[in-house]
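Here the structure is laid out as structure tokens; the discussion comes afterwards.
The values are calculated or read from the model by the stated rules, or taken from the named source; none is laboratory data. Please read all numbers here as calculations on a predicted model, not as lab measurements. Here the Cβ positions follow ideal geometry from the backbone for every residue, glycine too, while neighbour counts run over all protein chains shown. In case anyone asks, the SASA skips ligands and DNA or RNA and just uses the protein heavy atoms, side chains included. Shrake-Rupley method; radii C 1.70, N 1.55, O 1.52, S 1.80 Å.
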Amino acid sequence: MPSGRGVFGIQIAALILLSIAGLAYTATVDIVWALLFAGLGLLYGSASALASARGLQYLVAVAPHAALMAAGIAPLLLGLAGLGASGSSLTLVTLLVGVPTVAISAYLAGRSRSRDEVVSGFLAVSVTVAIVGIHVAARLGYWAPVSALIAGDPLLAGGLEALVVALIGVVAGVYAATSIVIHVYQRVDPDDARLSGARTYIHDAAVIAVIAVVTVGLVWITGFIIQHVLLLLPAIAASRLAGSARHAVVASIAVAAAASTAGTAAAIAVDVPPAAGIGLVLLLLTGAALAARRR
């Protein structure tokens, strides 16, 4: 019988093969989609591992809603400015509004004695602002692609956007793998980590930046609904497969990449939105990881 490390290697190899199969099929349909969803897997797997290591589940709940709010008012802002609502302009305005919102909400929730109240209030405000923004934009005749905001629309990303997502995904993966021990250290003993000279403020900013990018920057592509799943489940599955922090990062990225690529291929095959295929495959992989751990 293989050792624990041997079993882990087999599991990761199986996930990699699943990713390759999904990429190969997607590339026959659209090479840009293959590149895009490979990058998404790297990004969400890295963000999920980092958020779990730091205990930032509250920020995982907040960030997609910040993205929803920013994206909900982006068409209105572009329309009022007399600009067209293309994929690039929508993403840019969403980032300009959403990233500072994520940073501010993380600061307020992290330092509040009643974090749940801050998070609950922010969620209520963000949803309300998003709905009002979409409604006003529609009434004024500005284009507001609601379906893309909810279910995602990869067609809004061109070749350059897909390449940027893939490159950022590689950078996020390398950062997560090389810094995960420090993030665990900061969560377990933040005062000692701060005194150790580990430059904790840089890692604090980095993890918030990664979460902001995968939510605010990608909401028009992935859709709002699936983001919660993509941020939570890879780390949960990884915790059942891995025996160390570094292995957990590898497993989280492998699970997210397999779900992103194979899920997209499945969605293309049955003609449903990619978010639906990704969510289904991710749920199946998580269930398999839970079952394997129980055995």
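Values for this structure:
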read-out	value
Largest to smallest principal axis extent of the C-alpha atoms in region 1-138, angstrom	61, 46, 19
Rg(Cα) / (2.2 N^0.38 Å) computed for region 116-163, rounded to two decimals	1.53
Computed log₁₀ I(q)/I(0) - Debye formula, equal Cα scatterers, no solvent, region 66-181, q 0.12, 0.24 Å⁻¹	-0.55, -1.26
Share of carbon and sulfur in the accessible heavy-atom surface of region 4-291 [1.4 Å probe, %]	71
Region 44-63-region 115-184 distance, computed between alpha-carbon centres (Å)	14
Values of log10 I(q)/I(0), in the order q = 0.08, 0.09, 0.12, 0.13 Å⁻¹, for the chain under a Debye, Cα-only, solvent-free model	-0.34, -0.43, -0.76, -0.88
FRET E, pair Asp116, Thr28, Förster distance 35 Å, beta-carbon r, rounded to 0.05	0.15
Where Rh is the Kirkwood radius over Cα pairs, Rg/Rh for region 165-295	1.01
Accessible area of region 86-205 divided out per residue, in Å², using a probe of 1.4 angstrom	58
Selection from Leu77, Gly121, Val32 lying farthest towards where the dipole of the chain points positive, charges on Cβ	Gly121
Separation of the Val170 and Ala288 label points, Cα + 7 Å toward Cβ, nm	2.7
